[in-house]
Amino acid sequence: MTDVLNDYVVPPVPAGSSGVAWLRANVARFSEGADHVRRRALAVEILESLDVRPGGRPVVALAAAMGLPFDGIDAIARSYQPHLPITPEADAAVERLVALCGARDERAAARIGLLVQACDATDALVDKYLSGSVKAPVPVTRRVAPDGSVVEVDLSGTPFGSGRHACPGRSTALALAAGAVSFHDLHRGFLLLPNAWDHASAAALVDAGFPAIGTTSLGVAASFGIPDGAGLTRPETVELARRLRHLPCHVSVDIEMGFSDSPAAVGDLVAGLGVAGVNLEDGVEDPRERAEFVRAVKERAPDVFLNARIDTYWLHKDTSSTLDRALRYLDAGADGIFVPGLRDIGSFTERVDAPVNVLYTGEHTLPQLRDLGVRRVSTGSLLFRTAVKTAIDTALRLDAGNAFSVAEVQRWSD
């Protein structure tokens, strides 16, 4: 079976002595063979040497880390692909950057090329995060078949490509895009929040392009042989948060009911996690008391997105109090409301002036949930339960056809 991204070559570009033509002819993106290997290694070396501070537009942050201006990068990006016409503005921008790099060599080309590739594609990644779109930031790429024909390759399933031309700045792009959009911002659109149970599952989800990752208390508890919902996994939850908070994404941690009867202690716990968000359950206890926990968390960790989880439908108890609980928790400072198993979703979202989170059950499609006013959909323990079931099925059948490679898994530990 032909793997187009690996077996076909990139369209060749003519040699050029200046401007965009020179840039195209000297970057890894449009090279093959030894030239590609050398130039790609140079790009990776440059990226690894940078101290990039995410925040604001990604290309601006990357340019600052390189000590180069970002003015003109947009013009170059509009002429960068070989099938696009080169404008005088783009040529002039390349020449200004070459002068600032101090030499017209492959290192200068690599630096400029990285900025160009951090431009439209990473901006599109930010737009995807804010809109909740399922479209890939770079929808297609081009390859030359053995018969000389040029084919377009759909990248919807591999937004960063694969094989020898896979984007060398994947982790940098993800970090820059996530840093340009706050966790609160993600709730302005429509956020699908997958829930991980360990570092590998979280890193794999980030690798797949998710800007934010939640944790599943069931998955964490079951991984350690501990009952879920019993308040026994505080050490494991804190350790997982410590490991995940360095990933290039926003992390939201499920802290069950806070692992303490003291609102102040729960506030201190959240303040020390170093994550973007938490889920705090009410267990259908007295909403006035649970509101004090919400208030304590927001006082100690005001920037953390507090998703107040209401368990009335989940535990099939006192469902008539759901709206009252939501309003109480919002008044205490909650940023969002999470009601697993919620019925009459549209009516609830109309009456709650905050992002409403529901658990994905398959009863509604994601577009339907969005139309009902839902801002965030969590997978809960679904991914963990599916992974365990798939592992058992694979062990029984010994079918390795859909497995990740060892190299891919190793990359998640970088």
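Read-outs throughout are calculated quantities, based only on the coordinates presented, and are distinct from any laboratory measurement. This structure is a prediction, so every number in the text was calculated from the model and none was measured. Note that we place each Cβ from the backbone using ideal geometry, even for glycine, and neighbour counts take in every protein chain shown.
Taking every DSSP bridge with both residues inside the chain, close to 20 percent are antiparallel.
Pairwise inverse Cα distances across the chain, averaged and inverted, put the Kirkwood hydrodynamic radius at 23.4 Å. Straight-distance candidates among the aspartates and glutamates for linking to residue 298, with alpha-carbon spacing under 12 Å and chain neighbours fewer than 8 residues away dropped: 268, 331, 335.
Express the relative contact order of the range 182-388 as a whole percentage, based on alpha carbon pairs under 8 Å and six or more residues apart in sequence. Spell out each step's value before the answer.
Working: 389 pairs, mean separation 42.2, N = 207.
It rounds to 20 percent for the range 182-388.
Can you give the helix-only mean residue ellipticity at 222 nm for the chain, where every DSSP H stretch with n ≥ 4 adds -39500 (n - 2.57) and the sum goes over all residues, rounded to the nearest 500 deg cm²/dmol?
-13500 deg cm²/dmol
The long axis of helix 322-331 is offset from the longest Cα principal axis of the chain by roughly 70 degrees. Of the residues 187, 83, 364, the one with the fewest other Cβ atoms within 10 Å heads the list, and the complete ranking is 83, 364, 187.
Distances between placed amide hydrogens fall under 5 Å for residue 192 paired with 377, all partners being 5 or more residues away or on another chain. Between amide H atoms placed 1.01 Å from N, distances below 5 Å from residue 305 occur with 277, 278, all of them 5 or more places distant or on a separate chain. How far, in degrees from 0 to 90, does helix 120-131 lean away from the longest principal axis of the Cα atoms of the chain, to the nearest 10? For 120-131 against the chain, the angle is about 20 degrees.
What is the angle, in °, between the Cα long axis of helix 287-300 and the longest principal axis of the Cα atoms in the chain? Nearest 10 is fine, range 0 to 90. Approximately 40 degrees, to the nearest 10.
Just rank 53, 370, fewest to most, by other beta-carbon atoms within 10 angstrom. Walk me through the numbers before you get to the answer.
Numbers: 53 13, 370 16.
Placing the least packed residue first, the sequence is 53, 370.
Converting phi to 3J(HN,Hα) with the Karplus coefficients 6.51, -1.76 and 1.60 and the offset θ = phi - 60°, the range 104-109 yields 9, 9, 5, 5, 4, 4 Hz in sequence order, with x at every glycine or proline.
With 10 Å bins beginning at zero, the pair-distance distribution over Cα atoms of the range 182-388 amounts to 9, 38, 40, 13, 0 %.
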